[in-house]
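The values are calculated or read from the model by the stated rules, or taken from the named source; none is laboratory data. Quick caveat: nothing in here was measured; it's all calculated off a predicted structure. Using ideal geometry, Cβ is built from the backbone for each residue, glycine included, and neighbour counts are taken over all protein chains shown. Accessible surface is based on the protein model in full, side chains and every heavy atom, while ligands, DNA and RNA are left aside. Shrake-Rupley method; radii C 1.70, N 1.55, O 1.52, S 1.80 Å.
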Amino acid sequence: MDKPTVAQTSPYGVDVEEGKTYVWCACGQSQSQPFCDGSHNGTPFTPTNYKAEKTETVFFCGCKNTKNKPLCDGTHSTL
Ligand code: FES
Ligand code: FES
């Protein structure tokens, strides 16, 4: 398995808090999207940490194919 699972073909808007670190699911198998729940164990995937620079709404990639992990870069519209 070298391709991530598409969790959904659109981003997840999340209200993040300045200074907090969020752990984005890269494999697409987490049951608590868009964040890692450990389901990647046994796959080639590892999660990506995201440290919020400020309190704002951030769009995490749901399709897992972004080139700008962990954020949506619009790639989902090509899937
Ligand atoms: Fe997907 Fe951890 S569950 S990277
Ligand atoms: Fe993955 Fe937009 S949801 S690039």
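Values for this structure:
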item	result
Solvent-accessible area per residue for the chain (1.4 angstrom probe, square angstrom)	59
The chain: relative contact order in percent, alpha carbon pairs under 8 Å with at least 6 residues between	38
Apportionment of accessible area to carbon and sulfur, the chain, percent (1.4 Å)	46
Unit charges on C-beta of K, R, D, E only; dipole of the chain, Debye	240
Within straight-line cross-link reach of K64, aspartates and glutamates at Cα separation under 20 Å, skipping those fewer than 8 residues along the same chain	D2, D15, D37, D73
